[in-house]
Each structure stands twice: as C-alpha cells, then as structure tokens.
Amino acid sequence: MDIVESLFDIQVQDPPEEDFSSIDLTWTKFGTAEHHDEVALIPYARVDSFIIGECSNVECPTRFHIERGRKRSRGSLKEYKDDEYLEYRLYWCSFGPENYGEGGGVLPSRKYRLNTRNRAARPQSMRGCTCHFVVKRLYARPSLALLIYNDRRHVNKSGFICHGPLDRDAIGPGAKKIPYICNEIQQQTMSMIYLGIPEESVLEKHIEGIQRYCGSDAKVNSLASQYVQKLGMIIRRSTHELDLDDQASIRLWVDRNKKSIFFYQDSSETDPFILGIQTEWQLQQMIRFGHRSLIAADSTFGIKRLKYPLCTLLVFDSRQHALPVAWVVTRSSAKPDVTKWMKSLLDRARSIEPGWKISGFLIDDAAAEIDPISIWDGADPFVNLEVLIQDFVDQTAFIEYFKASWMPKLAMWLSTMRALPLASQEASGAIEAYHVKLKTKLFDDSHLGALQRVDWLVHKLTTELHSSYWLDRYADESDSFQNVKDEYIASTSWHRAMQIPNSAVTLGDKEHLFARVSSQKDSSLTHLVWNPGSEFAFCDCAWSMQGNICKHVVKVNMICANNEGYQPSMSFQSLREVLMNLWTKPMDDSVELDLSVAWTHNMLDQIKQLVELSSSDDIGAVVNNLPLKWVSKKGRTSVGIPSSTLALPSSSKSSTVHKKNRKRKRLSRLR
C-alpha cells in the first residue's frame, strides 16, 4: 500500500448502510515513510453511524467512550495543514485502557474521573483492551471527518482477546458452579469440534466424560451444554490472522503459545526464519514412542506452494503408524540451522527423560542430509541408464527432460541407497499416509489464498491436524469412536495389504516381470503389478499411478519375500550387510575379539527382549522374566557378581521389617 502525503488525494467514503464499521471502509496510509497512520475520510455527519457500527462487532461487542478530546474555534489558526483539526476526539473501547484483571492495573497517569454513564463495562470488568481510534473534524473542511485507527483488534497488551465471545476467560459469574473438565475431556471436545463432528454427538461424549467425575445431574448437563456451545463458537470464529502483517501475527502467536514452542528464530539479515512447534502431548508421544526406536523426517512438504517449507518429525506408534511429534517451519536446510533446532528439541526431551535416545533416523531428502559418495566396488549404475537412453534415442524431448531432471536425482539417490540402509515398505507407507493426510488438510481449495501466510499454516497444524491425530490415538487406546478407530487402522497401505488374502495374488511368468492381484470388491477386476518383489514395483491402479505406495504392491512384495525365486528386499539386504560385517572374524585371541563378542551378545539380548515384548499379549509375563537389579548386598554373591536367582530370597521381607523396627526403636529412645 502506497503512502499518501496529502488528504486531498484521499477519496471521501460514504457507505450506503445505515450503520457501518471499519471493515466497510478502505483504509489508506497517510503521512511520511517514517511516520504514517491508516486513515479514512467520511462525512462528519456519519461519525455516529460509524461508532454504532464499531460497537456492534459480533466477535467483540462493546461501546466506545471519549478518552480525550480537544476543540478549536473557527478562525483561530492563520496557517494550518490539511489535517489540522477543528474537533479532536480519541475514542477507546470501554473494556480499556485500564486492566482490573489478573496482572493488570490502573493507568498511573489517570488523575481525573471519566464519564461512566456510557461505559460498556463496570470498572471491575475492564480488561485492558487496546482498541481505539481518533476522529478529527477537519479545520479546512468542517463537513468531513478524518478517521485514524490506531488499533482495531480488541486485545490486551499481551495480544490476547480480552472480552467478548472469543475471550476464553469470559465464563461469567457462574464459574464456580461449572463441573470439573480435565485436559483429556477438553482436548476430546476440541478435537471433535475441529473435525466437524455434529454438536449433538460432541455434547453426548462431553457429558459422558464429565459424568465420570460429577455423576448425572440436570444442572451439570445444562452447564456442559453451554460449555460445548461456547467452545464451538470460539473455534468457529477463531482466525489465524492475529495481525494483518504475517510476520507480526506469528510473533503474537509465539508470545501466546510459548509452551508449544521449542525453538524460534525471527528472520534477519544474517539468520533465517525458523519456528519449531511441539505441543505437550506431542512431547509425551515423542518420549514414549521415540525412545530406543526410530524417528522419521518428512522434510520436503510445501517447497513450491507454501511460503516456508514444512519439516515434520514422526515417530511410529503402537500400530507402526507415523505420528507427528514436531513441526519445523523454515526455508533453511543448512547444517548450522538444522543443528540449532535439533539440539533444542533433544534438550527438551531429555529435560523430561534424561536417558532418552533414539536408535535410528529415517531421512527423505538425500541432498539435504548427506553428501553423495562414491559407488561401492567401482560398479557403474549408469550402464543401464545408457541402455535406456539408446532405446529412446528418437524421443529427443523426453531424453533431454530425463537428463536434466532425473539423472542428477538418480545419481544422488543411488549413492545414498548404497551408503545407508533403506527403510522398509511398512515405514515408507506410514510416512506416505501422513504426507497424504497433510495434503488433504492443508491444500483444500478454500484455503489456497492463505498458502503464503505462515500464521495460517501454524493455525491449521495446531488445530485441525493435531486434533485429528490426538483423536486417532485416543480412539485406539480407549476403544471408543469406532469409526475413527477403523479409519485410523486402515490409513496405511501396509495395514490395507494385510486384509488381502494370499489366494488373491498370482505370480507371473518365470522371469518375474509381473503379478496379478484380484480385487476384493469386484471379482471381475484384476490389478497388474510390475517388477514384483522390488522396491520399484508399481501397479496399474489409480492410487499407484499417482506415485503412491498401493496395497497391491505391498501385498505382492509380502508374497515374494517368502518365495525363493525372488531377491530379498533392499532393507533386508541392508540388515544382512550389517550382520555380515559383525560376523567378520577379528584377530584370534585379541581384545577386538572380546569386544566383538560383547557387542554381539548385547545386541542379541536386546533383539530377544524386543521380539518377546512385541509378540507377547501379557506384559506381566515379560516383566517377571527380567533379571533383578542389584538393590542390596543380599542380592549379590560373595564376589560381587549378580546372583543367578531371579526371585528375591524369602528372608528379604523379614530383614526389611526388622530394619524398620530397629529404626523405630532408636527414634523412641530419642524422645
């Protein structure tokens, strides 16, 4: 918006409505580059209509009082500018400027009594609202009024909405009678509202949760209904735009949600913008499912369509589904910047669980994470590519596109796949399921105009997407919301492939070029899978043709894995390579031999415990078989080696009781 230096260049506006507000006017920046205000010109006779319209704000209904005013008589100025006033009035929302709420105070400069006849709120209800505007009746043109809006938003100095339906603290005088609502019930209710579940169903589940604490009561049900209605209204009317400027809006959001921020760096000439988001629930899930397990990165989302690309860190939950536990919004993938937020996230986890660590990290962007390295054994993988180019030598346009777009990527990924173990199909399918869900939530046609705003992205992540995954986990663990649970379980191609019977798969010719999968919904339909048993297999179904991992490919590869005529998967080859390296014989009777034996036994014990825990239906049986830790000298042998007995000796209880009795006797003597 250009800055206008003369009021004569600003058009006078006279909306046709009987009452109008600031949203009905076009605002212009007036002043200089160093100091300017947002202004609008209206007929002076319409000032009252404007004030009435501002008071009728649906989200923040209020009244405005005159905080300050001045007058001049006509002819008192011999020389004047085009914005000099004949009458000057500063209108302030009557929920401010004082703040009688928690942490607030009266203005120290207030030395006079305000006219309280038209105040919108009692003094004890004033919440420090900063919304105010100026009305100038122009000296040069008395029939016109210059509106100067200093702050349009009804918020306090901290940026929080401080009155009206969107004020989360405005629960009224009956607050003490409202039934107890724990975080779980509140999160459940919010998640259901965010996901568009009908209000009747939301209220039913909300009352069921409250009755666990309060019992069944008509008054409780009535208050619960009011709570759900108000919460729904707050969510429906909430907006991502805390400020017209996106950068300022993000700063306000960060100030309000410090508990959900693990790293924040504002953009400057030397530092890029980085915003790391992790709610308390996500932190709990990362500690729970990430400890001695895998963390995956979905780091390439929105590179072309969003203002800043989105990187998501994922863990694999109890069903091996990908669960987002942190979001990082930044354009920088430089090593120093990645190190900053990764270290901050690790420190946050270890502040809760000091021994927390992961066993592996899955990456999806070889160029950003590692440097391409030389290919093993001096083999040249581009020999086959040269054959491909010769086969399509007459397709000039295709070959030029292939060389320019795909040859560099193939070189990078071939090097990476040879240097690092390849993730399994189950992990890849889980990450893809999250990516698809993210696209569904964010790339809705109705939101395309907001893709270039970071505050919109943050709002969508922390409301709809977060609520969706919270409800998925809650439905699965509590065995409730059966429809949500069923959709959650079937959300990955791996779990959908498990529903296909082996009899529906027919392997092809001896050269293993293709396989057929019969459809379970339409017996007359058969899907063709090419390159069966390979990570590069693809299907003729619509889902696979879009570049996704379909259930038919996964099922065929499951069958091929147990068939001797097919090569093992590349992830299994990676495991075999690691084991072969461990199996390499060190020098006889050397320290390296002892160290290799110790490492191998340690690894085998951990694998045995992990397999036993994963395959057991009774965790108590697993715990009972674990060796006891040294808790006292009685649990050791005479040479300091742990006793082979897995149970406590029978005399341990009596010795413990005897010690307690002796301590009590000593205390009694002191008395």
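The values are calculated or read from the model by the stated rules, or taken from the named source; none is laboratory data. These numbers come from a predicted model, not from an experiment. No Cβ is skipped: glycine too gets one built from the backbone with ideal geometry, and neighbour counts run over all protein chains shown. Please note that ligands, DNA and RNA were not included when accessible areas were found on the heavy atoms of the full protein model with its side chains. Shrake-Rupley method; radii C 1.70, N 1.55, O 1.52, S 1.80 Å.
Below is a table of values for the structure above.
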{"item": "Gyration tensor verdict on segment 1-71 (Cα atoms; rounded if a/c is under 1.5, prolate if a/b is larger than b/c, oblate otherwise)", "result": "prolate"}
{"item": "Order of exposure, largest accessible area first, which applies to CYS55, CYS539 with probe 1.4 Å", "result": "CYS55, CYS539"}
{"item": "Extension gain, ARG74 back to PHE361 (0.36 nm per residue minus Cα-Cα distance, nm)", "result": "95.7 nm"}
{"item": "Protein-only accessible surface order, largest first, of HIS206, HIS35 at 1.4 Å", "result": "HIS35, HIS206"}
{"item": "Solvent-accessible surface ranking, highest first, for MET545, MET570 at 1.4 angstrom", "result": "MET545, MET570"}
{"item": "Unsatisfied cross-links (Cα-Cα over 28 Å) in the set LYS340/LYS608; LYS340/LYS460; LYS307/LYS485; LYS340/LYS551", "result": "LYS340/LYS608; LYS307/LYS485; LYS340/LYS551"}
{"item": "Carbon/sulfur fraction of accessible area - segment 197-308, other protein chains in place, 1.4 Å, %", "result": "48"}
{"item": "Zone residues, segment 135-151, relative to THR239, backbone N less than 13 Å from point 7 Å out along Cα-to-Cβ", "result": "none"}
{"item": "Candidates per trypsin sites (Lys or Arg not before Pro) in segment 298-354, loop by DSSP, up to 11 other Cβ within 10 Å", "result": "LYS304"}
{"item": "Segment 276-355 shape via C-alpha gyration tensor axes, a/c threshold 1.5", "result": "oblate"}
{"item": "Probe 1.4 Å - accessible area at ARG70, Å² to nearest ten", "result": "110"}
{"item": "Over 19 Å (Cα to Cα) - which of LYS157/LYS258; LYS304/LYS335; LYS304/LYS441; LYS230/LYS441; LYS441/LYS521 fall in this group", "result": "LYS304/LYS335; LYS230/LYS441; LYS441/LYS521"}
